[in-house]
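The values are calculated or read from the model by the stated rules, or taken from the named source; none is laboratory data. Remember, it's a predicted structure, so these values are computed and weren't measured experimentally. Note: ideal-geometry Cβ built from the backbone for every residue, glycine included; neighbour counts use all protein chains shown.
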Amino acid sequence: MTQQLDTTEIGAARGRVDARAKVTGTAPYAYEHHVDQATYGHLVLSSIARGRVTAIDATEAFAQGGVHAVVTHENAHRLADVSDGELAVLQSDRVGFRGQIVAIVVAEDPETAREAARLVQVTYDEEPHESVLDADSPDLYAPDQVNPAFETDTDEGDVEAALAEAAFTVDAVYETPVQHNSPMEPHQTVATWDHHDGRDRLVLLDSTQGVHPVRQTLAPLFALDPQQVTVEAPFVGGGFGSKGMPHANVVAAAIAAKHSGGRPVKLPLTRQQTFTLGGHRTPTVQRVRLGADADGRLDATWHEVVEHTSRVKEFAEQTAVATRLMYDSPNRRTSHRLHALDVPVASWMRAPGEAPGSFALEVAMDELAVATGVDPVELRVRNDPASDPESGHPWSQRHLVECLREGAERFGWQTGVPPRSRREGRWLVGQGVASATYPLNVMPGNEAEVEALDGGRYAVRIGAVDIGTGARTILGQIAADALGCPVGAVELSIGDTSLPFATVAGGSAGTTSWGSAIVAAARALRDEHGASPAVGAVARGVQPENPDTEQYSIHSFGAHFVEAHVDAHTGEVRVPRMVSVFSAGRIINPTTARSQLLGGMVMGLSAALHEETVIDPSGRMPNHDLAQYHVASHADIGHLEAHWLDEVDEHANPMGSKGIGEIGIVGAAAAVANATFDATGVRVRSLPLTADKLGG
Amino acid sequence: MEADLTWRVDGVEHTLAVDTRTTVLDALRDRLGNTSPKKGCDHGQCGACTVLVDGRRQLSCLGLAVAHDGSEITTAAGLVDGDELHPVQQAFVDHDGLQCGYCTPGQVCSAVGMLDEVKAGHPSAVSDDLEADVELDEDEIRERMSGNLCRCGAYSNIVAAIEEAARA
Amino acid sequence: MKPFAYDRATDADGAVATVTADPDAMFVAGGTNLVDHLKLGLVTPEHLVDVSRLPLDQVTEREGGGLRIGATVRNADLAAHPLVRQLYPVLSHALLAGASGQLRNVATTGGNLLQRTRCAYFQDVTAACNKRDPGSGCAALSGWTRYHAILGTSSDCLAAHPSDMAVAMVALDAEVVVLGPDGERRVALEHFHRLPGDRPDLETVLEHGELITAVEIPPLAMARRSAYRKVRDRASYAFALVSVAAALDVQDGVVRDVRLALGGVGTRPWRARVAEEALVGGPATEAAFAEAARAELAAASPTDDNAFKIPMTRSTVVAVLSGLAGEETR
């Protein structure tokens, strides 16, 4: 059990400290910083899916005037490390996917850069390619592990025998498409090379979820010490995983700035370019087999996943991992197989693993409820495990049943209503439920610094990033309680590598990881300088290891309840109402927490109803913009409620909190799919739930 | 090719020579350093660049700056009155109608323009009776604001903020 | 974007003369489609003539009934115009179903008619496209065609016309008023857009330099009870998978007259003449509506991706006509 803070500020509903700057638009994002003597970059992307660049003719581009450089594999600054196929920008003539960087134009102004990029003539030697996922391909392979370090396959008991003996079985294939994080701010970087302390220095203003991770990744590519790379990200327009690690565009900006005569280069990606360069969620084909007794108690759970990965760089999403612990099933088998293709590099997208995996498992559970005649809420309650089936560890807390019960009550869940039995005018009406879980991730190595200022004020410094989560607000609250001062006495600095080391804003781990470091620093200040530290007293604290994470299984849980309407003629789906209840330990700030949970639910609804990136046989993502890759708009989002249980998880961290950034999306699409089944009697097992699948 | 342009931005007159290719958005951001309107898609597909042009909400990414000679442009930065936020901005703050903040200035400008359209009696796609007065309920706000995407999913709070601002 | 000269037109004749004289010149009005295309490199004019401030921004009643809509009337203003709301609700609804509030404040009537397909391959200069680059082929044929047309297609082009407004207008027998170097002419909107055939690059009957100055809509009493329904992949701010514009006159359970047009399914705003003929004089029943839709769709040539548009169009036609018939008999 970790030593808990006395809470005064923690738990208070505080407004976002940067709200004023954001509603006026004066908060500066990466591209928006003024830098003297700026030049402007524009990327040229490959128009073939596989092959070699044989020639690049920049004559017309230079003829524009105002073009400083056309950087290609022939003249690009050489990187010291090309082992990462995604980041080895312009280091060879190889093309590994359509939409890969083949040249960078650097020009005096953005209009010239863009036009020059259009005029760069690239010729290719094209090779045969594969770009479409085939779950039956003979080339599927098992990765060594799945993201970040889970076992690829697991097998407990005898799942085949249990299925053979089960009173009821479900055996179905579920599909989720490629999805794109699509933060509203496209990836963009301002890169400058200068000299500092007699050494080269790379200065980056970047749109990133982690300034220190960018430094750590970029430094070896340019044979620099990490201290020779500084990264700032004061404001970031969303990331959802796509800015969790630097992608090729960041390296491209740094390379471009080697070719700009010492001037800074502003390199924004166009929205279209973010589709092939900013990462995406891999498509999945998931076969789920469940076996249960006459009362619906699971005896067998078998979840097989096939995903695509890029031949340029492997990414294996942990799609079936949550199935290993979600329900009590003595016989369990999970597996992940990859189909390597000539496609852009897949990466993190909000709740990698849990989000697509929960779609398959939670729809399968709904199918089991139909098969057994057990109410879907009750079915989940019956299969709630007393301890973590995978590790055998006790739960720190598992309050899924409470979430299901409270959610059913708040939603007005109806039992015993057959599918396709309710109608309101043109709309068929249905209800659906799904469970959610997300692990407590702890990223090690975080460090914070606290300095006593005059007037009882404190400076708190950590190189964390607020990508819209509210970190800038809640870290101040945590610091206030850790220091025993009002929140107004805390001057928090984040978003800069000049501040102590902090891990990525990802994995729902930010508050736990950064907050623990801030608490450690505050405790160090008290230990080293007493209750009334002198002005100027400074202490550093490193996030301590939490032994409880080895002894307990620590997860957030949740339950979603959805009302879906399906047009009886056309099959159009609307979700007028969604009620979700979460168990996530102590809620640090109800205002920002509710927003974050709602945001996850919205992204889940968006995945349920709209989102699908097409990869066509040419290797293109033809719908690579926000007119064709649909994310939910205002009109798609009805009445949403996010509730949570009033609780503290003392095993998690000194704040008693668990992650809330991702659990909102987990299971949300399944709840919608289950509600559309209830409305129509039509079971759709592939996302998104578009009208053509439900109407006609 | 360059052309001269005189316009008022957030109450201040500016005269500048612009490349004829420069959009209103890029002229504001790259030439005037007014980065309140955001570039989310640059193709009229997200709404983050929304500004008020002569009082009406428009997408600044699809307008050529040179075509806006003589225009009065208002960005979210220009909606404040001294230290005081515009009521729509204050409602966004009060309802936490924002997260990352990148779509927010566009949402704010769009809401201000939208409320004026409602006052002028403009119907929307969800107005059942085209000839009746507009009752600005949640569905009307959602439909009218659908040109402003928010990937953080702050929609519920944005709608609540606009409802409050509309009542005020 | 290729550098271009920019001129603001002060009179329509002058604008026509300027563009007629320069094969690399184009008109620009609201710019919501053209600026998009300039950025994508789909068009590379050397000269833009801005017609947005020409005095063509009025909606007026015609002698003998009907409306004359100036070419630069903004979509938002047209949708909100009291006479349009009263006389042609289908047109208001279609306009309001299109784009977003911000875009409708800028997009013009003439520009809306001339907006070009949203075919993903047309919009990608690295893809073969007979419309953008005649004779280069059609990447859509082996690509993603969820949004493509099923009616009026050819082996060279499947691109759907994206307008909502034009679908309502073609149902209302609108005429396009065109000013050319030799004066004014009128074209029925139904014949304004060309079928792709083997020349998908020729999208309308306009000659280079001809300028749309107005759209005229004749009187149509039954249009007071008309409807527009758009089925799409979002509840708002998305192009149509299928849309239906209709006006219906039913008496004693029999269809006396009908106007029916389809969007999202045609290579041009699709007047459903076959369905109309099937309906007139017949019963106003769901079965008859479905049969009429079936007759119209007999000529459809869908792809695997968009075959769903056949049942979806049928369902939507039935829903819209049933709704109008219900109103009639209520």
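If you check A:ALA593 against the conditions, is it buried (at least 24 other Cβ atoms within 10 Å of the Cβ) and away from chain B (no Cβ under 12 Å)? Talk me through it step by step, then tell me what you get.
Working: buried (at least 24 other Cβ atoms within 10 Å of the Cβ): yes; away from chain B (no Cβ under 12 Å): no.
The answer is no for A:ALA593.
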Restricting attention to the stretch C:179-237, report how many residues are outside any strand (DSSP E or B) and at pLDDT 95 or above. 34
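Scan A:ALA675, A:ALA635 and give me the residue that is without any contact (Cβ under 8 Å) to a residue 12 or more places away in the chain and over 22 Å from the mean Cα position of the chain (by Cα). Walk me through it before giving the result.
On the way: A:ALA675 fails: without any contact (Cβ under 8 Å) to a residue 12 or more places away in the chain.
Unique residue meeting the criteria: A:ALA635.
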Restricting the first residue to the stretch B:140-168 and requiring it to be within 14 Å of chain C (Cβ to nearest Cβ), which pairs with a second residue that is among the basic types (Lys, Arg) meet a Cβ separation below 7 Å and a spacing of at least six or different chains? B:VAL159/B:ARG142
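Scan the stretch C:139-165 residue by residue and report those that are within 14 Å of chain A (Cβ to nearest Cβ), under 28 Å from C:ALA275 (Cβ atoms) and either surrounded by fewer than 24 Cβ atoms within 10 Å (Cβ to Cβ) or touching a residue at least 60 places away in the same chain (Cβ under 8 Å) (or both).
Here is the first cut: in the stretch C:139-165, the residues within 14 Å of chain A (Cβ to nearest Cβ) are C:139-148, C:150, C:158-160, C:162.
Now drop any that are not under 28 Å from C:ALA275 (Cβ atoms), which leaves C:140-141, C:145-148, C:150, C:158-160, C:162.
Scanning the stretch C:139-165 gives C:LEU141, C:THR145, C:ARG146, C:TYR147, C:HIS148, C:ILE150, C:LEU158, C:ALA159, C:ALA160, C:PRO162.
Go over the candidates C:GLU175, C:GLU184 one by one and state the one that is away from chain B (no Cβ under 14 Å) and free of Cβ contacts under 8 Å to residues at least 40 places away in the same chain.
Values: C:GLU175 fails: free of Cβ contacts under 8 Å to residues at least 40 places away in the same chain.
Sole residue among the options that is away from chain B (no Cβ under 14 Å) and free of Cβ contacts under 8 Å to residues at least 40 places away in the same chain: C:GLU184.
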Answer yes or no: is there a residue in the stretch A:529-540 that is touching a residue at least 12 places away in the same chain (Cβ under 8 Å) and crowded, with 24+ Cβ neighbours inside 10 Å. no
Only unsatisfied item for B:ASP94, checking (1) crowded, with 24+ Cβ neighbours inside 10 Å; (2) within 9 Å of chain A (Cβ to nearest Cβ); (3) among the charged types (D, E, K, R), is (1)
Just one of (1) not in a loop (DSSP other than H, G, I, E, B); (2) not assigned by TED's automatic domain parsing to the domain that holds A:PRO352 trips up A:GLN431, so point out which. (2)
Please determine whether any residue of the stretch C:90-97 is under 14 Å from B:SER127 (Cβ atoms), more than 9 Å from chain B (Cβ to nearest Cβ) and among the small types (Gly, Ala, Ser). yes
Regarding the stretch B:12-34, can at least one residue be identified that is crowded, with 24+ Cβ neighbours inside 10 Å, on the phi > 0 side of the Ramachandran plot and either at pLDDT 95 or above or in a strand (DSSP E or B) (or both)? no
Would you confirm, using the coordinates I've provided, whether A:ALA505 is small (Gly, Ala, Ser) and either outside any strand (DSSP E or B) or within 14 Å of chain C (Cβ to nearest Cβ) (or both)? yes
For the stretch A:413-431, pairs from a residue that is modelled with pLDDT of 95 or more to a residue that is aromatic (Phe, Trp, Tyr), with Cβ under 8 Å and 6 or more apart or across chains, are A:TRP413/A:PHE561; A:PRO419/A:PHE677; A:GLY430/A:PHE677; A:GLN431/A:PHE411; A:GLN431/A:TRP413; A:GLN431/A:PHE561
Residues of the stretch B:70-91 being in contact (Cβ under 8 Å) with a residue 40 or more places away in the chain, under 13 Å from A:THR24 (Cβ atoms) and more than 11 Å from chain A (Cβ to nearest Cβ), in sequence order, are B:THR74
Go through the stretch B:121-139 and count every residue that is within 11 Å of chain C (Cβ to nearest Cβ) and assigned to a loop (DSSP other than H, G, I, E, B). 13
Considering only residues that are among the basic types (Lys, Arg) and in contact with a Pro (Cβ under 9 Å, 6 or more places away or on another chain), which ones fall in the stretch C:157-196? C:ARG194
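So which of C:ASP57, C:ASP13 ends up being assigned to a loop (DSSP other than H, G, I, E, B) and away from chain B (no Cβ under 12 Å)?
C:ASP57
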Among residues of the stretch A:13-33 being over 24 Å from the mean Cα position of the chain (by Cα), within 14 Å of B:SER36 (Cβ to Cβ) and of a type outside the set (Lys, Arg), the residue farthest from the other protein chains (Cβ to nearest Cβ) is A:ALA21
Which strands (runs of 3 or more DSSP E) does the stretch A:531-634 wholly contain that include 1 or more residues that are in the same structural domain as A:GLU647 (by TED's automatic domain parsing) and within 30 Å of A:TYR327 (Cα to Cα)? A:555-567, A:573-583
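Identify, from the list A:LEU79, A:LEU45, the residue that is within 11 Å of another protein chain (Cβ to nearest Cβ) and buried (at least 19 other Cβ atoms within 10 Å of the Cβ). Walk me through how you get there before you give the answer.
Numbers: A:LEU79 fails: within 11 Å of another protein chain (Cβ to nearest Cβ).
On inspection, the qualifying residue turns out to be A:LEU45.
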Name the strands (runs of 3 or more DSSP E) wholly inside the stretch A:154-233 in which the number of residues that are surrounded by 24 or more Cβ atoms within 10 Å (Cβ to Cβ) is 1 or more. A:168-176, A:188-196, A:199-206, A:229-232
Would you confirm whether any residue within the stretch C:261-284 is over 26 Å from C:ALA221 (Cα atoms), within 12 Å of chain A (Cβ to nearest Cβ), buried (at least 23 other Cβ atoms within 10 Å of the Cβ) and among the polar types (S, T, N, Q)? no
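Take the conditions out of contact with any Ser or Thr (no Cβ under 6 Å at 6 or more places or on another chain) and either at pLDDT below 95 or more than 7 Å from every other protein chain (Cβ to nearest Cβ) (or both) and apply them to B:VAL51. Does it pass?
Values: out of contact with any Ser or Thr (no Cβ under 6 Å at 6 or more places or on another chain): no; either at pLDDT below 95 or more than 7 Å from every other protein chain (Cβ to nearest Cβ) (or both): yes.
Judged against the criteria, B:VAL51 is not a match.
Could you please let me know if B:ALA67 is among the aliphatic types (A, V, I, L, M), more than 22 Å from B:ASP116 (Cβ to Cβ) and in contact (Cβ under 8 Å) with a residue 40 or more places away in the chain? Please lay out each step first, then the result.
Working: among the aliphatic types (A, V, I, L, M): yes; more than 22 Å from B:ASP116 (Cβ to Cβ): yes; in contact (Cβ under 8 Å) with a residue 40 or more places away in the chain: no.
Spelling it out, it is not the case that B:ALA67 is among the aliphatic types (A, V, I, L, M), more than 22 Å from B:ASP116 (Cβ to Cβ) and in contact (Cβ under 8 Å) with a residue 40 or more places away in the chain.
Does the stretch A:650-661 contain at least one residue that is part of a loop (DSSP other than H, G, I, E, B) and within 14 Å of another protein chain (Cβ to nearest Cβ)?
yes
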Just the residues that are within 13 Å of another protein chain (Cβ to nearest Cβ), of a type outside the set (A, V, I, L, M, F, W, C) and on the phi < 0 side of the Ramachandran plot, please, taken from the stretch A:87-117. A:ARG98, A:GLN100, A:GLU108, A:ASP109, A:PRO110, A:GLU111, A:THR112, A:ARG114, A:GLU115
Can you report the number of residues in the stretch A:545-568 which are out of contact with any strand residue (DSSP E or B) (no Cβ under 9 Å at 6 or more places or on another chain), surrounded by fewer than 16 Cβ atoms within 10 Å (Cβ to Cβ) and not acidic (Asp, Glu)? 1
Does B:VAL66 satisfy the criteria of being assigned to a helix (DSSP H, G or I), crowded, with 21+ Cβ neighbours inside 10 Å and more than 8 Å from chain A (Cβ to nearest Cβ)? yes
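Please pick out the residue among B:LEU16, B:LEU59 that is under 12 Å from the mean Cα position of the chain (by Cα), more than 10 Å from chain A (Cβ to nearest Cβ) and under 28 Å from C:VAL51 (Cβ atoms). I'd like the intermediate steps shown before the answer.
Working: B:LEU16 fails: under 12 Å from the mean Cα position of the chain (by Cα).
The conditions single out B:LEU59.
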